[in-house]
Amino acid sequence: TVRRAGGNAYCVYRHGMDLDGTDQVELQRELRHAIERGQLALHFQPKLRAADGMLAGVEALLRWQHPVHGAVSPAVFIPVAERFGLIGELGQWVLDAACRQVRLWHEAGADVPVAVNLSAHQLRQHDLEACVREALRRHRVPARMLILEITESVAMDDVDASIRVFDMLDAIGVQLSIDDFGTGYSSLSYLRRLPARQLKVDRSFVRDLDTSHDAQAIAGAVVRLAHALGMTVVAEGVETEAQAAILRDLDCDELQGFLYARPMSGPDLLNWLRQRDPGSVSRFAVHNEQADP
Ligand code: C2E
Ligand code: MG
Ligand code: MG
Ligand code: MG
């Protein structure tokens, strides 16, 4: 699609751009069939402990391999799914696929906690707790292996609802993480009332760490705030050694980004783990091959 990009410039449609109405309608029609046609997959990106580089867990990121357009970015199709009422089904598929993968890794000898992104719609879904419980039960995954990420702006949009949902999920032992922190408008008094275990510093601050004093000041303040409230801090989008060094100096707990690994399939994650840290994968399970979920 060729579209007008402001001024006289024209550019070819890219991922990350807003789709116009017609494109959205077309995409949602295809998205409806994506699940049954097996075009969706979860990829997993490692989060490493800053102190020793050990794997702390992974974040599950949804991928849609479109037969014609190729890989469609979740930044494009998640908003479409939200708008056209498909996010409930999609979110449930993601929860189930993430728990299934945790079980497969466990059977292959590696216990890897997984973080799943929740959409605004899921936060309002009255049967969210039942869906989470059911996914854990079906794949016999302990609740402590599951982390749910909710962006700061979504969590703060309806704070009372968020507190209710967070309390309920916390009660069943699932951990909560506040994603893209620093881009929303948190009230500190509300932050204190949310039983979140983790804050994720938004990539925009990480990107500017080595060039901007302000970005460093903000990242440092987020780390101190989180620690004061008993939470851990993850930095997302770490791409350079310089950024990682600054984040370690700032006492950030976990690092995630292309510097360490890109999101990858479940089986690839296991191979990655075996190569860099053979001790973390049980010796008795290394021949236990797993199928792609
Ligand atoms: P997010 O939750 O903040 O996820 C992190 C995004 O940053 C991912 O993009 C990841 O691939 C990307 N990333 C990680 N490290 C680096 C890095 O070093 N440099 C750069 N430039 N990018 C990095 P992705 O996979 O395209 O996902 C985009 C967003 O789509 C996610 O942001 C999340 O909000 C949403 N999303 C993805 N999967 C799901 C899902 O299953 N459910 C829901 N509701 N939303 C999802
Ligand atoms: Mg996330
Ligand atoms: Mg994030
Ligand atoms: Mg982000």
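Listed values, structure above:
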| item | result |
| --- | --- |
| Test: residue in the range 237-255 that is within 14 Å of ligand 4 (Cβ to nearest atom) and not in a loop (DSSP other than H, G, I, E, B) | no |
| Verdict on Ile163 being within 16 Å of ligand 3 (Cβ to nearest atom) and touching a helix residue (DSSP H, G or I) at 6+ places or on another chain (Cβ under 9 Å) | no |
| Residue tally, condition of a type outside the set (Lys, Arg), more than 16 Å from ligand 3 (Cβ to nearest atom) and touching a strand residue (DSSP E or B) at 6+ places or on another chain (Cβ under 7 Å), over the range 42-53 | 1 |
| First in the range 42-67 and at positive phi, second anywhere and assigned to a strand (DSSP E or B), Cβ under 6 Å, 6 or more apart | Gly57/Lys47 |
| Answer from Ala244, Ala171 - the residue that is surrounded by fewer than 16 Cβ atoms within 10 Å (Cβ to Cβ), away from ligand 3 (no atom under 16 Å from the Cβ) and not aromatic (Phe, Trp, Tyr) | Ala171 |
| Cross-chain or 6+ apart pairs with Cβ under 9 Å, the range 171-185 first and closer than 16 Å to Val206 by Cα, then more than 13 Å from ligand 2 (Cβ to nearest atom) and in a strand (DSSP E or B) | Phe181/Val233 |
| In the range 236-273, the residues that are more than 30 Å from Ser212 (Cβ to Cβ), in contact (Cβ under 8 Å) with a residue 40 or more places away in the chain and not small (Gly, Ala, Ser) | Met264, Leu269, Leu270, Trp272, Leu273 |
| Condition check for Phe205: within 13 Å of ligand 1 (Cβ to nearest atom), at pLDDT 90 or above, among the aromatic types (Phe, Trp, Tyr) and assigned to a helix (DSSP H, G or I) | yes |
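Condition check ((1) within 16 Å of ligand 3 (Cβ to nearest atom); (2) among the hydrophobic types (A, V, I, L, M, F, W, C); (3) modelled with pLDDT under 75; (4) in contact with an Asp or Glu (Cβ under 6 Å, 6 or more places away or on another chain)) across all residues:
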residue: Gly7; (1), (2), (3), (4): no, no, yes, no
residue: Tyr13; (1), (2), (3), (4): no, no, yes, no
residue: Asp20; (1), (2), (3), (4): no, no, yes, no
residue: Leu40; (1), (2), (3), (4): no, yes, no, no
residue: Ala60; (1), (2), (3), (4): yes, yes, no, no
residue: Val68; (1), (2), (3), (4): no, yes, no, no
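For every residue, the table says whether it meets (1) farther than 23 Å from Gly57 by Cα; (2) within 19 Å of the chain's Cα centre (by Cα); (3) within 16 Å of ligand 2 (Cβ to nearest atom).
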residue	(1), (2), (3)
Ala161	yes, no, no
Met168	no, no, no
Gln175	no, yes, yes
Thr183	yes, yes, yes
Ser186	yes, no, no
Arg197	no, yes, yes
Lys200	no, yes, yes
Ala215	yes, no, no
Met231	no, yes, yes
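The values are calculated or read from the model by the stated rules, or taken from the named source; none is laboratory data. Quick caveat, the model's predicted, so the values are computed rather than measured. Cβ: placed from backbone, ideal geometry, glycine included. Neighbour counts: every protein chain shown.
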